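Participant: Let me give you the structure first, and then I'll get to my questions.
The values are calculated or read from the model by the stated rules, or taken from the named source; none is laboratory data. It should be emphasised that the depicted structure is a prediction, and the values quoted were computed from it without experimental measurement. A quick note on method: Cβ atoms are made from the backbone with ideal geometry, for glycine too, and the neighbour counts reach across all protein chains shown.
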Amino acid sequence: MGAAGTDTALETADVALMGDDLGKLPYLRALATEANAVIRQNVGASLVVKVALALGVPLGLVSVALAVVVGDMGMSLGVTGNAMRLSRVTPEGVVGADGGARDDG
C-alpha cells in the first residue's frame, strides 16, 4: 500500500509502510524483536534493583540517599545505555562505522 494508502487504512492498520520497499521488512522485524527483548531486560532489571534497594533500606544495608540515587538516576542511565544497543541493529547491506559503502536503497 505504501504512501498511497487511504487515511482509514493507515489508521486501522497494525503496521503501515510509508514506502513501497518490502525488502526492509526483515530488518524491521529484527529491530522489533530486539526492541522487545531490550524492553523486557530494562523492566526486569529496574524491578530487581528497586526491590533489592527497598529491602536493603529497612535492614540498614543501604542508605536512603543511595537507594534514591541508584534506584532513580542510576537505573535511568542503565536502561538508556542498554537501549542504545538497538542502534547496532542495521539493515543488511549497511556497513558499520568503519567507512564502508552504504546500500540503503
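Participant: Would you call residue 89 touching a helix residue (DSSP H, G or I) at 6+ places or on another chain (Cβ under 6 Å) and of a type outside the set (Gly, Ala, Ser)?
Facilitator: Working: touching a helix residue (DSSP H, G or I) at 6+ places or on another chain (Cβ under 6 Å): yes; of a type outside the set (Gly, Ala, Ser): yes.
Criteria met by residue 89.
Participant: Could you list, in sequence order, the residues of the range 16-27 that are in contact (Cβ under 8 Å) with a residue 12 or more places away in the chain and of a type outside the set (D, E, K, R)? Working first, answer last.
Facilitator: Our first condition is that a residue be in contact (Cβ under 8 Å) with a residue 12 or more places away in the chain; within the range 16-27, this holds for 16-21, 23-24, 26-27.
Of everything in the range 16-27, those that are in contact (Cβ under 8 Å) with a residue 12 or more places away in the chain and of a type outside the set (D, E, K, R) turn out to be 16, 17, 18, 19, 23, 26, 27.
Participant: How many of the residues making up the range 16-34 are surrounded by 13 or more Cβ atoms within 10 Å (Cβ to Cβ) and either hydroxyl-bearing (Ser, Thr, Tyr) or closer than 17 Å to residue 76 by Cα (or both)?
Facilitator: The total comes to 1.
Participant: Also, I was wondering about something else. Show me the helices (runs of 4 or more DSSP H) entirely contained within the range 3-105 in which 3 or more residues are at pLDDT 80 or above and basic (Lys, Arg).
Facilitator: 25-56
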